[in-house]
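The values are calculated or read from the model by the stated rules, or taken from the named source; none is laboratory data. Everything quoted here is computed from the prediction, not taken from an experiment. Backbone-built Cβ (ideal geometry, glycine too); neighbour counts: all protein chains shown. Protein only, heavy atoms only, side chains kept; ligands, DNA and RNA dropped before computing areas. Shrake-Rupley method; radii C 1.70, N 1.55, O 1.52, S 1.80 Å.
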Amino acid sequence: MNDAYRKKGWHILFSIVFLVLGFILAFSYKTLGKSKETMSPVSDSFLAEEKYREELILQKERNKELSDEIGVKQEGIRSYEQSFSAKEKAHADLVEEAKDLRLLLGVIPATGPGIKIILKDADYDPVEQNPNDYIVHESHIFKVINELRISGAQGLSINGQRITANSFIKCTGPVITVDGKTFPAPFVIEAIGDSDVLASSLYLKGGVIDGLIRDNIVVTTEQIKEMKLAALGE
């Protein structure tokens, strides 16, 4: 009987031990499971945040690349615009230069402000005085014309006849011949350009006007706000 009770006691003890161990294992498993469940969202959130951070970094790098590309293209556009502007200005300068040449050649009418110079023979006594000392010669006309050209005159005429650098002017007694056409005195020289500059150049001390007066030439000048010179052949 004692052996039987002893064996039964051991069975009961082992049962209690195993029951406690089972309870402990079950409790541990449950606790660990909850811990994993609790940690899982945190871990997922961290991974998602890292993913978004990497994507943001990649997007920033791409934006920088696009920004650099836009900068290069904008620089190319600016260079093209500057080149186009330079070509446009060069074209405008050539057009203006061509216009100035046409005006100087007299092939187109000239309009604008300018100055009118009238040269007359002085009064003299043909019995006592040499008439050649009191009439306008081609040299006088050339002095006026050359001074006007140097001063920037864009168009010139004598008695309405346009003249150019190749015009032929010849004095024959009281008349002059301009490119085959004869004109009597008084001789009216018209020049288009800055009237103040043209007048100032003629009236320089010891200049053209003073020389004409010394040669007994009657000189009058008039600055005109708007005048027109006909083209050659008109």
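Odds and ends about this structure:
- Rolling a 1.4 Å probe over the protein heavy atoms gives the range 138-187 an accessible area of 45 Å² per residue.
- When the Cα gyration tensor is reduced to axis lengths a ≥ b ≥ c, the ratio a/c is 1.5 or higher for the range 108-234, and with a/b not above b/c it is classed as oblate.
- These residues, TYR52, TYR124, TYR203, TYR134, go from largest to smallest accessible area, 1.4 Å probe, as TYR52, TYR203, TYR124, TYR134.
- Between CYS171 and GLU138, THR177, the built amide H atoms are under 5 Å apart, and every one of these is 5 or more places off in sequence or on another chain.
- Packing-based ranking of 63-70, 151-158 yields 151-158, 63-70, ordered from highest to lowest mean Cβ neighbour count within 10 Å.
- Accessible surface ranking for ILE77, ILE117, 1.4 angstrom probe, highest first: ILE77, ILE117.
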